Amino acid sequence: MKKIINKPEDYVKEMMEGLYIAHPDLITYTGDDVHCLVSVNKKPGKVGIATGGGSGHLPLFLGYVGKGMLDGCSVGDVFQSPSPDQMLKVTKEIDSGAGVLYIYGNYNGDIFNFDMAAEQADFEEDIKVESVVAGEDVASAGPAAPGEKNTRRGVAGIIFIYKCAGAAADAMLSLDEVKRVAEKAAANVRTMGVALTPCTVPRVGKPGFEIGDDEMEIGMGIHGETGIRRGKLEPADQIVEEMMDKIVADLPYVNGDEVAVLVNGLGATPLDEQYIVTRKIDSYLKEKGIKVHRYYVGEYATSIEMAGFSISLLKLDDELKGYLDAPAQTPFFVQL
Amino acid sequence: MKKIINKPEDYVKEMMEGLYIAHPDLITYTGDDVHCLVSVNKKPGKVGIATGGGSGHLPLFLGYVGKGMLDGCSVGDVFQSPSPDQMLKVTKEIDSGAGVLYIYGNYNGDIFNFDMAAEQADFEEDIKVESVVAGEDVASAGPAAPGEKNTRRGVAGIIFIYKCAGAAADAMLSLDEVKRVAEKAAANVRTMGVALTPCTVPRVGKPGFEIGDDEMEIGMGIHGETGIRRGKLEPADQIVEEMMDKIVADLPYVNGDEVAVLVNGLGATPLDEQYIVTRKIDSYLKEKGIKVHRYYVGEYATSIEMAGFSISLLKLDDELKGYLDAPAQTPFFVQL
Amino acid sequence: MNTFYNADGKPVLLKIVKAIQENKAYLGEVDGLIGDGDHGMNMNKGFSVFEERFQDEEFTFSEGLDELGMILLNEIGGSMGPIYGTIFMDMAEAGEEFEEIQVGQLAAMLEAGLNGLCEIVEAKVGDKTLVDTLAPAVESLKKSASEGIGFADALSAMKAAAEAGRDSTKDMVAKFGRSSRLGERSRGVLDAGATSCCIILCAMADGMIEMLR
Amino acid sequence: MNTFYNADGKPVLLKIVKAIQENKAYLGEVDGLIGDGDHGMNMNKGFSVFEERFQDEEFTFSEGLDELGMILLNEIGGSMGPIYGTIFMDMAEAGEEFEEIQVGQLAAMLEAGLNGLCEIVEAKVGDKTLVDTLAPAVESLKKSASEGIGFADALSAMKAAAEAGRDSTKDMVAKFGRSSRLGERSRGVLDAGATSCCIILCAMADGMIEMLR
Ligand SMILES: Nc1ncnc2c1ncn2[C@@H]1O[C@H](COP(=O)(O)OP(=O)(O)O)[C@@H](O)[C@H]1O
Ligand SMILES: Nc1ncnc2c1ncn2[C@@H]1O[C@H](COP(=O)(O)OP(=O)(O)O)[C@@H](O)[C@H]1O
Ligand SMILES: [Mg+2]
Ligand SMILES: [Mg+2]
Ligand SMILES: [Mg+2]
Ligand SMILES: [Mg+2]
């Protein structure tokens, strides 16, 4: 394990301390617990939006707390959900009477813990909490049948949900309305990833899986969950084509649609490669008659130091476009 | 070589094409050459600022072209200076009569090529060009004796020079004044880096050097230039202390000074680790009585997929503070 | 010698805590083979918080289970917090009225824990999780109760069932959690959760046997 | 047979281009041992642009050097563009008035190239760079000129000096460029720039020998 850290057990605590030092104008913590991050900028009467999840995905999750996006985030150990208590602390701090929306990824641990926090907030604190669970990784499971639970993992596409819901809340919409917007974004986003190298959880000290020097795994999750295919590394254009075929067919995105595109580096993959990928996505979508409203390229949701990237598409209507384009200012996401 | 690319010889061209696709509101190119990047936002009468250098350092160099920072950038192959012709094209495009300032790193190839471009701009195009060369890596050489040439490498600290000079130009200062501000920033910035893993130039196909699984190299340059010490990997706090001792003693930064701090990831090092580093820098500076005006943490100047980080300090006076805090909007740097 | 008094619960709970603490490294090793190696650390966290907070307090068996369960459920996070938290809290709830616990009562408590778990996870027997330890332990106690077996013998039988359940995971392919990514390659080693569950059940049984009146 | 006419320069220039193209892979290998392996590609780029642009044109030796130098200097970038660009352009400038080139004239031209190079780089003989090839080649020509040696013999002597210079880099420790990071470990292999410079000088000599009148 080659990391610039002190004791592995202090990894998350020290990382969080560094964050508060670097961004005092935007974030702080509540309940005497550095794992309970909240925005310093409160807007009275606004619906609060909280997220949460394990560490190891910076800028996800906490990096999107600030103006125009999220209001709070509870942070767990690396790849471990935080506790209900921690989520409850965040919830109490960010509620200003209009209720709180939870937006988080579709993982067992997170669901257990955040459902409990939501119940406690409701019963004990009289805070109305609604939840929207992101599950848009097309490689992780088939689409949910009508009435069935979505079993797909939530990955980088959650940023689109944050952005749209955050802007809706910032526009002072009600909890139900903000939830509706979040659900609309969640329903219209699809993601797929590819991994080239594993990552190492500091407390564990060894890579989460092994992969050959010339191999990639298409569809791998951001904790190293199995993908849909492992094979020899291919040229960028070929990888992008395989991923785009799967993504576009899934919603499906069709001729005439307008989308936002997120090209997300998983940690060790240089921006250069992400732009090479962007170039191919653009020509692919042009050919399909799908218009790109805007691109986001960079590291938005990582797997510590994994090499690889993911592509997310969000289908836009006028409402979502307006919310996506609204300004925001967080430690990792600034849009004018 | 495990990279998401097509043909290595198309690496830079395709990366640039992706950039123009993703950021059409901010950047474009001139002279029919994707290597000649210019801002789409022109401010008549403003001093133009150009930079340039080899690829492989994204967001450096080109990612700082936009509003309030740079106006143009010529881009070479990976780790290779662009040509005088390319820099001249950029120069011609961004000059609006007030002259052009070149700000670039202290490397042989860049100096050869940009000095020639400057001469041609002057002689053939009647554009007045001044140059400020960044050389702030305290590990790369001793300080220049009075009247002697600075032989230090220019690394991540150049971003501070871009920012201050860019804001000065945006404030419509004259070429001489913008140059003075750039020189002041250059004189007050110091950087040092540490590398944990090598990077691979795509055209070359193998890592630039070898380093043990438990080793680091303190003081290494952003092309893999030899550092001052190779040794066993140490805890983050110890590494930071060694680097800060060298940086702080060099200017020197002293009790009562006010600084800006840049913690820069070299490519594969997660943000988490950069914040662990930030935490230690903060307590180190507090102990020395040096006040931090603001932190920048993230990937600002990389070495493709090298693991490691650098620390840069900029000593501020009221003038530099004003320029540093001024707003800017580029593909990779947005400040309100 | 056929009754465990709910009031005698404290040493049993502390024995469970101790067993987890002593097996922290071992559980890490087991999880390291096909998981990510953190199961010992994850388990140790909540149990040690309980010990620290309650070692100088008085509490019954069901109260102790409730407090431990609440700590796991509320404060620990991860998957193990809710999973073991649910098991212990549902056991506590089922047992809170009991003054005397005999085989049938313990069977009812443990079954409530298993049912609670099955409400929150999808894993079934055969999926290589802690369910493979807990389910046969419950079955064994229920069988002992219906056959009128003495408490000490029933506890021994339950330990044997839990151990057999744990060992059965060795030949299984993981369907849930991290190890499931290995598919067929997850066969051949124990499941970490099944192992920790067995440690907990055996420590509980040993603790009770000492306290039988 | 003691004069090379400036007007006969085209085949000589094309021979140099061809030599670089043919040695692209070899130069990459040499650079790969202690550098980054791109020297063949870097050199090939500019020389091939020259060939493409001028293969159907007429030009003298000094004109060809000037055009090649300008392409390297203006269009190629990197370090090799300015370095070889300067050498060729300064050679061209020194030779532009010559109609007939004899040993003394060639010595003067090459010395001008060396001087131009030394104005932009700090490397000296012994630092394991192309200077180690170019400097002894200049010395050899100057010596031949002062001793009145015939052109063909002078060119052969220059080739031998360049080759010896190139070979001398094998035992040196690199002081400049990428290989310098290896310190003592850079000893034992040739320098890439010294190798390409030798290839260029030898191709030039061979081309001239064929054209002597
Ligand atoms: N979805 C699940 N349902 C039931 N049990 C599970 C599930 N996921 C994991 N487990 C159990 O948890 C154990 C691993 O626990 P632990 O290592 O603490 O967590 P993690 O897998 O997050 O590292 C597994 O051995 C398995 O018994
Ligand atoms: N500062 C310098 N001064 C003189 N020659 C140099 C210098 N740097 C590099 N060289 C020469 O350049 C050669 C390497 O060229 P090349 O591989 O094309 O460039 P790079 O080192 O950028 O990969 C070296 O073998 C050496 O002869
Ligand atoms: Mg884990
Ligand atoms: Mg585990
Ligand atoms: Mg090179
Ligand atoms: Mg080279």
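The values are calculated or read from the model by the stated rules, or taken from the named source; none is laboratory data. This is a predicted model, so every value here is computed, not measured. FYI the Cβ positions are ideal-geometry reconstructions off the backbone, even for glycines, and counts take in every protein chain you see.
Consider residue A:283 carefully, then state whether it is among the small types (Gly, Ala, Ser) and buried (at least 24 other Cβ atoms within 10 Å of the Cβ). Answer is no for this residue. Would a scan of the stretch A:323-335 turn up a residue that is of a type in the set (S, T, N, Q), away from chain B (no Cβ under 14 Å) and in contact (Cβ under 8 Å) with a residue 12 or more places away in the chain? Taking every residue of the stretch A:323-335 in turn, none turns out to be of a type in the set (S, T, N, Q), away from chain B (no Cβ under 14 Å) and in contact (Cβ under 8 Å) with a residue 12 or more places away in the chain. Scanning the stretch A:264-285 for residues that are facing chain B (nearest Cβ under 8 Å) and in a strand (DSSP E or B) yields a single hit, A:267. Please work out if residue D:99 is surrounded by fewer than 19 Cβ atoms within 10 Å (Cβ to Cβ) and at pLDDT 95 or above. When the stated conditions are applied, residue D:99 passes them. For the stretch D:164-185, a tally of residues being away from chain B (no Cβ under 11 Å), buried (at least 17 other Cβ atoms within 10 Å of the Cβ) and not in a loop (DSSP other than H, G, I, E, B) returns 4. Scanning the stretch C:104-145 for residues that are in contact with a strand residue (DSSP E or B) (Cβ under 9 Å, 6 or more places away or on another chain) and within 16 Å of ligand 4 (Cβ to nearest atom) returns no hits. Only a single criterion out of (1) of a type outside the set (A, V, I, L, M, F, W, C); (2) touching a helix residue (DSSP H, G or I) at 6+ places or on another chain (Cβ under 8 Å); (3) within 12 Å of another protein chain (Cβ to nearest Cβ) is not satisfied by residue B:102, namely (3).
If you go through the stretch D:34-77 and keep only what is touching an Asp or Glu at 6+ places or on another chain (Cβ under 6 Å) and small (Gly, Ala, Ser), you end up with D:37, D:62. Restricting the search to strands (runs of 3 or more DSSP E) fully inside the stretch B:37-156 and requiring at least 3 residues that are in contact with an Asp or Glu (Cβ under 8 Å, 6 or more places away or on another chain) gives B:48-55, B:100-105, B:129-134.
Considered as a group, the residues in the stretch A:287-307 that are in a strand (DSSP E or B) and over 19 Å from residue A:61 (Cα atoms) include one that is nearest to the other protein chains (Cβ to nearest Cβ), and that residue is A:295. State whether the residues of the stretch A:219-233 include one that is over 29 Å from residue A:102 (Cα atoms), touching a residue at least 60 places away in the same chain (Cβ under 8 Å) and at the interface with another protein chain (Cβ under 9 Å from one of its Cβ atoms). No, every residue in the stretch A:219-233 fails to be over 29 Å from residue A:102 (Cα atoms), touching a residue at least 60 places away in the same chain (Cβ under 8 Å) and at the interface with another protein chain (Cβ under 9 Å from one of its Cβ atoms). Pick from the stretch D:30-76 the residues that are hydroxyl-bearing (Ser, Thr, Tyr) and either within 9 Å of another protein chain (Cβ to nearest Cβ) or more than 18 Å from residue B:85 (Cβ to Cβ) (or both): which of them is surrounded by the most Cβ atoms within 10 Å (Cβ to Cβ)? Ranking the candidates gives D:62 first. Listed by first and then second residue, the pairs linking a residue in the stretch B:131-147 that is modelled with pLDDT of 95 or more to a residue that is aromatic (Phe, Trp, Tyr), with Cβ atoms under 8 Å apart and 6 or more places separating them unless they lie on different chains, are B:131/B:102; B:131/B:104; B:131/B:114; B:132/B:102; B:133/B:104; B:134/B:104. Evaluate the stretch A:239-256: report whether one residue or more is in a helix (DSSP H, G or I), within 12 Å of another protein chain (Cβ to nearest Cβ) and under 27 Å from residue B:273 (Cα atoms). No, every residue in the stretch A:239-256 fails to be in a helix (DSSP H, G or I), within 12 Å of another protein chain (Cβ to nearest Cβ) and under 27 Å from residue B:273 (Cα atoms). Pairs are defined by a Cβ separation below 9 Å, a sequence spacing of at least 6 or placement on different chains, a first member in the stretch D:27-51 that is farther than 16 Å from residue B:78 by Cα, and a second member that is aromatic (Phe, Trp, Tyr) and more than 16 Å from ligand 1 (Cβ to nearest atom); the pairs so defined are D:46/D:84; D:47/D:84. For residue A:159, the conditions (1) over 22 Å from residue A:37 (Cβ atoms); (2) aliphatic (A, V, I, L, M); (3) in contact with a strand residue (DSSP E or B) (Cβ under 9 Å, 6 or more places away or on another chain) are fulfilled apart from (1). In the stretch B:55-79, the residues that are away from chain A (no Cβ under 13 Å) and within 16 Å of ligand 2 (Cβ to nearest atom) form Cβ pairs under 8 Å with partners that are of a type in the set (Ser, Thr, Tyr) and not in a strand (DSSP E or B), at six or more places apart or across chains, as follows: B:76/B:83. The requirement of being away from chain A (no Cβ under 14 Å), surrounded by fewer than 22 Cβ atoms within 10 Å (Cβ to Cβ), out of contact with any Lys or Arg (no Cβ under 8 Å at 6 or more places or on another chain) and more than 30 Å from residue B:138 (Cβ to Cβ) is satisfied by residue B:44. Just one of A:96, A:83 is more than 12 Å from chain B (Cβ to nearest Cβ), away from ligand 6 (no atom under 16 Å from the Cβ) and within 21 Å of the chain's Cα centre (by Cα); which is it? Testing whether each residue is more than 12 Å from chain B (Cβ to nearest Cβ), away from ligand 6 (no atom under 16 Å from the Cβ) and within 21 Å of the chain's Cα centre (by Cα) leaves just A:83. For the stretch B:218-236, indicate whether the set of residues that are crowded, with 18+ Cβ neighbours inside 10 Å, of a type in the set (A, V, I, L, M), touching an Asp or Glu at 6+ places or on another chain (Cβ under 8 Å) and in a loop (DSSP other than H, G, I, E, B) is non-empty. Checked the stretch B:218-236: at least one residue is crowded, with 18+ Cβ neighbours inside 10 Å, of a type in the set (A, V, I, L, M), touching an Asp or Glu at 6+ places or on another chain (Cβ under 8 Å) and in a loop (DSSP other than H, G, I, E, B).
For the stretch C:128-171, a residue qualifies if it is on the phi < 0 side of the Ramachandran plot and within 11 Å of ligand 1 (Cβ to nearest atom), and the qualifying residues are C:129, C:130, C:131, C:132, C:133, C:134, C:166, C:169. Of all the numbered requirements in (1) away from ligand 3 (no atom under 16 Å from the Cβ); (2) surrounded by 24 or more Cβ atoms within 10 Å (Cβ to Cβ); (3) over 25 Å from residue A:282 (Cα atoms), residue A:171 misses one, and that requirement is (2). The selection criterion, being of a type in the set (A, V, I, L, M, F, W, C), in contact with an Asp or Glu (Cβ under 9 Å, 6 or more places away or on another chain) and at the interface with another protein chain (Cβ under 9 Å from one of its Cβ atoms), holds for residue B:15.
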